[in-house]
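The values are calculated or read from the model by the stated rules, or taken from the named source; none is laboratory data. Note that the structure is a prediction, hence the values are computed from the model and not measured. Here Cβ is always computed from backbone atoms with ideal geometry, including for glycine, and neighbour counts include all displayed protein chains.
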Amino acid sequence: MSGIKELEVGTHYVAADIDQFISKTDAIVLSSNENQLFSHPDREFKVTNTFEGFFEHSSDDGEKYYRSKQAYVIEKV
């Protein structure tokens, strides 16, 4: 599935395709599968939500900063 420009909510993707996408995109993936998202390249995931950005807490200065970065929430199917 080369050339993915965006993950679509409600669509299923295999981990290898998500890996390829995230390697070429300035985005983050939040997975219900903990740190095992890329351990099985053929495992299927569904995109359940997407956000245009998120808040992040800085351990350096204790402040919260909004990051304008696409975030995708995915669930193991």
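Might you let me know whether the stretch 38-49 holds any residue that is surrounded by fewer than 14 Cβ atoms within 10 Å (Cβ to Cβ) and touching a residue at least 40 places away in the same chain (Cβ under 8 Å)?
yes
Could you please find all residues in the stretch 1-45 being modelled with pLDDT under 90, outside any loop (DSSP other than H, G, I, E, B) and not acidic (Asp, Glu)?
Listed by number, the residues that qualify are Asn35, Gln36.
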